[in-house]
Amino acid sequence: MASVGSENGNGHTSSEAVKLAGDGPERSDDVGASATPTGSEPPKEAVQVPVPAAVQYPPERVAKFKGELLEFLGDLVPPERAPWDIAVFEGLGRGLVATRDIAVNELIFLDRPILVGPRVNNYDVIFCASCCRILRKLHLCSGGCRLPMCAQCDFSVGEASPHAAECRLIQSWQPKDAGRYSKNILYALTSIRGFLLSERDRSLVLQMEGHPPRKEMTTEIERLLKDGYFQNLDGEGADVRYLRQLVNVLNTNAFETSRIVADEENNDHEIILRGLYILGALMNHCCRPNVRYVFDSELRMRVYASRPIRAGQQLLNNYSKILWGTQHRIIHLCFSKCFLCSCERCKDPTEFGTYLGALKCVRESCPEGRLLPINPLKISSLWRCDRCDLKMDNIKATKIQEIAGRMILNNAIKRESSYIIDYLNDHLVRFLLPTNQFTVELKLQAIKKIQADRPVAELREKERYCVEILDILERLQYGECFVKGVLCYELFVTRVTLGQVPSESGNTTEELNLEHLRTAWQILGPSGNRPKDLQQMVVKYGVGCEPLD
């Protein structure tokens, strides 16, 4: 179960909230770029030659770093020996290792963010930059920092305001047009908060790996400098050098998290945030990880074993989407994380028989054929049909994937559930395999959109999609992962709904279906964004609602 991920790489954005667009919580990319083009050849400069781990991380340096980290975590670390330790792995840098056998679903550690704040993207609603409270209309902070602020957090409140210190800092840089809102200052706020860290916490942050952005990317700090947002911020001064370091560390290590807040009509909104979790960021990468994590109501990261872990094994996280095909994962990791993965899943053209990255053979005489890369670790690899032996170059294979991606992600995925079902049944099957990553993505969107009030036929399709994707997770040997919890929840609710239809047969509370509810609770229960009715259903059906760790 070797990982080739550098010690602090990060993954792509979907939040930890109960979503179906991927595998739930992931690492955050906030350098402001869109998704990597499917057919792009990874730039050679992206693959870095690592400094030997023993030279880069001598024992005394690791011990000092661990001491500072334990001090920062405080009572989040158990008084007895923790089940994890920091170790150095050749070619990988620092990582976390199990100090004893860890059972599946066991809580491994708790972590809290050393920095947390807005993400570098557009938001659908206006919210307070400090507490994330929804604002009916834009209210700028009276301190002149150009940020939206609620009455309770406004600078005028004084030292009781959690925003006061950062507002004074921003004021010291003399923002221009102080009476106008600046989304670019909002996007840079997480990095700006790095100035408010204690000396120990600054030391921790600056000891994390920080990959510089690619040349074509413009970070939130460079946008501020380019557009001259501040009159008193020297582009070559110490403050900007520190901000650039913080941006690099955040873009390499930050996780995406979120807060659920209600507006004045009591409608819930999810405010996507990014958080720097030092301990969590130390986990190295594998496309078949052995941990899952959620964020609780206090934004603490809770990391659990998704599969049994033996003493001495690494604690491994996935920096990518679990339901992406290998070629997509490799490009994503190379472009945004600066390394190439060569785990067992990546080396298997079939991805343990799931065929997530495979394409349908283009020959009409070969309807059952599947096109697969001959060498999946090489982007430029030839593709070959497993039935008729047809060969296709990577440019044509990439073009097919690009067309499929555009059709699905830019069109079908935005439509209503009935359209998605028809598209899947009548159109997509003609040119994509039923387990291709784009087909799976569309099925996940259908699961999300098909609610209890939809027709029985749609509910039956939703049930089928849940079962099919759960089977893919089983083939991947992914264990008790986040997306499994979401799918088990959706499957249970759907079967209960179907059981209430007189014409539908079947016992909705049969033991197999109750097991789906138990699994959903085990995985999603600790999350601050779990489904609102999950605990109520657990109590109602008597599957056990024991206190969570």
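The values are calculated or read from the model by the stated rules, or taken from the named source; none is laboratory data. Quick caveat: nothing in here was measured; it's all calculated off a predicted structure. For neighbour counting, all protein chains shown are included, and Cβ atoms are generated from backbone atoms with ideal geometry for every residue, glycine included. The protein model used for the area step is the full one, side chains on, heavy atoms only, and it has no ligands, DNA or RNA in it. Shrake-Rupley method; radii C 1.70, N 1.55, O 1.52, S 1.80 Å.
For K183, a cut-off of 25 angstrom between C-alpha atoms picks up these lysines, skipping any fewer than 8 places away in its own chain: K137, K215, K226. Sparse packing (at most 16 other Cβ atoms within 10 Å of the Cβ) combined with a DSSP loop state is found for the following trypsin sites (Lys or Arg not before Pro) in region 254-333: R310.
Annotation: extensible slack from S142 through I260 equals 39.9 nm (criterion: 0.36 nm per residue apart, minus Cα-Cα distance).
The simple Förster model, with R0 at 56 Å and r as the Cβ-Cβ distance, assigns L107 and N411 a FRET efficiency of 0.85.
If you sort L273, L110 by accessible surface, 1.4 Å probe, largest first, the order is L110, L273. 3J(HN,Hα) couplings calculated from phi for region 79-91 with the Karplus curve 6.51 cos²θ - 1.76 cosθ + 1.60 (θ = phi - 60°) are, in sequence order, x, 6, 4, 5, x, 9, 8, 8, 10, 10, 10, 4, x Hz; Gly and Pro show x. Protein-only accessible surface at a 1.4 angstrom probe places the residues T218, T190 in the order T218, T190, largest first. When you filter the GluC sites (Glu not before Pro) in region 368-475 for DSSP loop state and at most 12 other Cβ atoms inside 10 Å of their Cβ, you are left with E368, E416.
Spin-label model, R460/R241: points 7 Å from Cα along the beta carbon direction are separated by 6.9 nm.
Counting heavy atoms of the protein chains alone, K391 has an accessible area of about 110 Å² for a 1.4 Å probe. Entry note: region 142-284 has Rg to Rh equal to 0.97, where both radii use alpha-carbon atoms and Rh is the Kirkwood radius. Distance cut-off 22 Å, Cα to Cα: go down the list K448/K532; K399/K448; K414/K449 and report the pairs above it. Going by Cα-Cα distance, K399/K448 fall outside the 22 Å limit.
Extent along the principal axes, Cα only, for the chain: 69, 54, 51 Å, with the longest axis given first. Of all aspartates and glutamates in the structure, the ones whose alpha carbon falls short of 18 Å from that of K443, not counting any fewer than 8 places away in one chain, are D23, E416, D422, D426, E458, E461, E463, E468, D471, E474, E490. Estimated from helices alone, the mean residue ellipticity of the chain at 222 nm is -10000 deg cm²/dmol (sum of -39500 (n - 2.57) over DSSP H runs with n ≥ 4, per residue). At a probe radius of 1.4 angstrom, the accessible area of region 152-241 per residue rounds to 50 square angstrom. Peptide packing: for 131-137, 92-98, the average count of neighbouring Cβ atoms within 10 Å per residue gives the ranking 92-98, 131-137, highest mean first. Shown here for region 193-245: GluC sites (Glu not before Pro) in loop regions (DSSP other than H, G, I, E, B) with at most 13 other Cβ atoms within 10 Å, namely E216, E236.
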